[in-house]
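> Next up is a structure, given as structure tokens.
We did not get these values from a lab; they are worked out from the coordinates using the rules stated. All of these numbers come straight from a predicted model, not from anything done at the bench. Glycine gets a Cβ as well: all are built from the backbone with ideal geometry, and neighbour counts include every protein chain shown.
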Amino acid sequence: MEVLKSTHFKSSYENPEKAVSILIKTEKLKMIKSNRERLIPIVKTIILCGRENIPSRGHRDVDTVSDEIGPGRFRALLKFRIDSGNSSLQKHLEIAPKNATYLSKTTQNQPIDCCCFVIMKKVLDKVKEAKYYAVLGDKTTDASGTEQLRYLDIQKITIHKEFICFLSATDLAGAALSDQIVQELNRVGLQVENVRGQGYDEGANMSGKFSGVQSRVKQLQPLATYMHCAAHKLNLSIVKACSLPSVRNMMGVVISVTNFVPESPKRLELIKRASLEKHPEAKRVKLQSPSDTRWLERHDALLQFKQLFDYIVQFLEEMNRLLRHGKVQVFWLLFDNSTLSYL
């Protein structure tokens, strides 16, 4: 036994690359390198989808990248890589067990989380370097809160606005929303005492003087000045002006016309023809319906309606002549578009 041990020791000393520990380590390094080569094209594809704003799974995410019915965007891009000559990815998908292909939605989410961590760290490092920052928050129709941070760049003395995260808000009361915002700030490592500004909409739960989000944040940091969104104020002012009968009636006529035209391909073709006869260079002749909430979109719709007004009247006259049914609706639309108060 002792002779055998001494023989092994002498062999390892004279040929260290053949030592068992070295062989195990070498095989482990080879495995790590091989696994990285397999993962690199997959991770790069996920990053590409993120940079180009491409949903990775789309409306399907099937088990194989060679599926002829359409595997989803992420898997289709991997297939494109294979077709372009990526042999390591092709070999991986051919020999890998089904539970180790690294293509599942869970595996896709892990690199996304890593990218999120890196981006967040860079943004938050800049915020912490500037020390003082402001919080901007807004909510969407699906009851999600969007938190944004505004901070001062010390070197350039310019204002930067960076998106931080989405938060699911099940309780829309001011107390719950303020607690959620403060908890998120603490989670990402930003001190509430450094907040110097906050901006939300004018809803009572956000801007309320006593129990709104802004007042509760001010209790924690009195220097966190609240500013209501100026663009939203303008929007609210214009919406209030629309309660005037003349403005309300005008908007009603515009909406009626924009709803009437798309109901038939023939109507769309007639108004397109009427417009292109006078302005062949026109890029857009399809009427845009005014938004119910955003006055910026209403402005675009009204501006387009005004530009096409002559052709709209011409179109209604043509429809009144051609239609057998629905003449009453066309007549009233034509009449409304011709009244002095409307014009």
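> By the scheme Lys and Arg +1, Asp and Glu -1, what is the net charge of all other residues having a beta-carbon under 14 Å from that of residue 89?
+4
> Between their Cα atoms, which of 240/272; 79/126; 122/218 are more than 32 Å away from each other?
With Cα atoms farther than 32 Å apart: 240/272; 79/126.
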